[in-house]
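Have a look at the structure below, then the notes.
The values are calculated or read from the model by the stated rules, or taken from the named source; none is laboratory data. None of these values were measured; they are calculated from a predicted model. A quick note on method: Cβ atoms are made from the backbone with ideal geometry, for glycine too, and the neighbour counts reach across all protein chains shown.
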Amino acid sequence: MLLQRKKKELAEDPCQNYHVLCGIEEEFLIINEDGTLVNAADELMVRAAEILERDSKRLDFLQLKIRGLDAEPSPSQIEYVTLPLPPKDIAEAMKAGRKLLSDAATQLGYRIFSQSMHPIQSDPHPMSGTHINVSAQTGGFMTAEELAAVHNYLWNYLPELIALSANTPILQGSKTNVASNRISNSTVLKPNGSSQIQIPKRNAALIPMQYYGRMRYTLRIAGENVKKVITNPRGERLVDITPRGPLTNIGEDEDSALTTNRVEVRIFDVQQDLEYLLDLVYLCCVSALHAIYIYTTGEITLDPNHRTNVEQAVFNGVNARFIRNDREESLQESVSRWINETEKYQDILGIKIRKLPTIKTDFRQGELEVEFTTRNIEELRQQGKVFVVVQLNKSRTITDQRGRKYGISRGTQLQGMLDVDYKLPYQEKENIVTDFQAIKITNTLDVQGIKIPLDNKDRILVALSRSDYLSRSLFGGFGF
């Protein structure tokens, strides 16, 4: 076995007596019929509630699988969150969660998008991800030692999990040299350390506190003699992988129940293929049992090349090569060994990893062809020259905000601000958008809130940056 020291043999595997639970949070971006982001999370939430009000059987079923729907910081994002479930029940829950979101979106004329970043409008935010929470417990909760063991096992294999799920190669319309732009650009997926168990001090504790509006102290002499699982001294939660629950130093988990002890892995890019995602979920579940076995027979050693291997995974995805056992190996080699070592736990949990270790990339977003209606004008906009005077090559009919139509004759000169409209044809499966096929760009001129489509033969007479425009405005107008 990779990264372990075995110290004793056991007559039987203790994992037969352990209970594994898994919870999933799957975040999705919401798009309209043009393939662009739409701020509709609240609308989806309301429509999902209406769907369940009309279908009591569906509600009864979901109450056994799904904790609820949550809004994300961006109003163009939404997620479902499952209950902690036995691994054999998680597939049904994820299908139901996706179906509820897709039904609500479709009824509103929208779609949910099963990738982490929009190829145009994520810069890099907004971005979505999938979080997997797993626990292996006996007696109703995980001990500090068990929590540390499962965390360190998955921490060791974090490079493989990143490489297997990396699915964000497109950033602002262009393919980059990064397999997961989501991880490389994220401000909330900071790399976390391995787990250490902190033995509580027996000293008396002087604790500052507010008392009737004044700062006072309390002296705690008899406290809880509880071990803590520490991965970073600040108790940060928004990291790539972390133990969770009251046995950690994460502040918001301090008062939670011991039954919530678990390991949370947050690095997964959103996957188009649900069965492939399930394989990743199952791999985390069987790994939890394997970690318990290693802990009871010896100890888990830590990957000395962890940072280098993670960087390999983020940049190269399925083409990553890792340093394992002092030699270089492919992702395929590593995952094959990993699945072989954990295969018996699939039977214990009643699950089957189906698509791995064969690693296919046909469901990942490929490079997108960009089609310009007005390439020269878009180049000006990307250069920051957005304040323009345009002479129309042909007449236009426009509609104002009240629905009234106006004609603009050929040769008219208009002053306004360059904008852009995107259209992204997409493929979908079961009303969930899986990938985009192209990016179609049309420039518009924003004149007092009215957007006028521009033509490739329209003439740009003046083009100014924001700073040039402000400077000239101070001295009498637009500069002509």
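Note on the stretch 98-126: residues that are at pLDDT 95 or above, of a type in the set (Val, Ile, Thr) and in a loop (DSSP other than H, G, I, E, B) total 0. Among the residues in the stretch 387-408, are any surrounded by fewer than 17 Cβ atoms within 10 Å (Cβ to Cβ) and within 30 Å of the chain's Cα centre (by Cα)? Checked the stretch 387-408: no residue is surrounded by fewer than 17 Cβ atoms within 10 Å (Cβ to Cβ) and within 30 Å of the chain's Cα centre (by Cα).
State yes or no: is LEU108 touching a Lys or Arg at 6+ places or on another chain (Cβ under 8 Å) and either in contact (Cβ under 8 Å) with a residue 40 or more places away in the chain or of a type in the set (D, E, K, R) (or both)? Considered against the rule, which asks whether it is touching a Lys or Arg at 6+ places or on another chain (Cβ under 8 Å) and either in contact (Cβ under 8 Å) with a residue 40 or more places away in the chain or of a type in the set (D, E, K, R) (or both), LEU108 comes out as yes.
Results for (1) without any contact (Cβ under 8 Å) to a residue 40 or more places away in the chain; (2) surrounded by fewer than 17 Cβ atoms within 10 Å (Cβ to Cβ); (3) of a type in the set (D, E, K, R); (4) closer than 15 Å to LEU108 by Cβ, shown as yes or no for each residue.
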{"site": "PRO14", "(1), (2), (3), (4)": "no, yes, no, no"}
{"site": "LEU21", "(1), (2), (3), (4)": "no, no, no, no"}
{"site": "PHE28", "(1), (2), (3), (4)": "no, no, no, yes"}
{"site": "ALA41", "(1), (2), (3), (4)": "yes, no, no, yes"}
{"site": "SER74", "(1), (2), (3), (4)": "no, no, no, no"}
{"site": "ILE90", "(1), (2), (3), (4)": "no, no, no, no"}
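The residue list VAL370, VAL390 contains one member that is in contact with a Gly (Cβ under 8 Å, 6 or more places away or on another chain) and closer than 23 Å to LEU171 by Cβ, which is VAL370. On the basis of being buried (at least 17 other Cβ atoms within 10 Å of the Cβ) and touching a residue at least 24 places away in the same chain (Cβ under 8 Å), does GLN115 make the cut? Yes: the conditions hold for GLN115. Applying the set (1) on the phi > 0 side of the Ramachandran plot; (2) modelled with pLDDT under 95 to GLY245 leaves exactly one unmet item: (2).
Among the residues making up the stretch 438-463, those that are over 24 Å from GLY173 (Cα atoms) and of a type in the set (A, V, I, L, M, F, W, C) are VAL447, ILE450, ILE460, LEU461, VAL462. Checked against (1) closer than 19 Å to GLU145 by Cβ; (2) touching a Phe, Trp or Tyr at 6+ places or on another chain (Cβ under 7 Å), THR301 meets all criteria but (2). Of everything in the stretch 139-196, what is part of a strand (DSSP E or B) and surrounded by fewer than 18 Cβ atoms within 10 Å (Cβ to Cβ)? Give them in sequence order. Residues satisfying the conditions are SER174, LYS175, LYS190, GLN196.
Elements of the type strands (runs of 3 or more DSSP E) sitting completely within the stretch 412-480 and holding at least 1 residues that are farther than 26 Å from GLU33 by Cβ and over 39 Å from the mean Cα position of the chain (by Cα): these cover 413-423, 459-464. Selection of the stretch 341-382 for residues being exposed (fewer than 13 other Cβ atoms within 10 Å of the Cβ), at pLDDT 95 or above and not charged (D, E, K, R) yields only GLY350.
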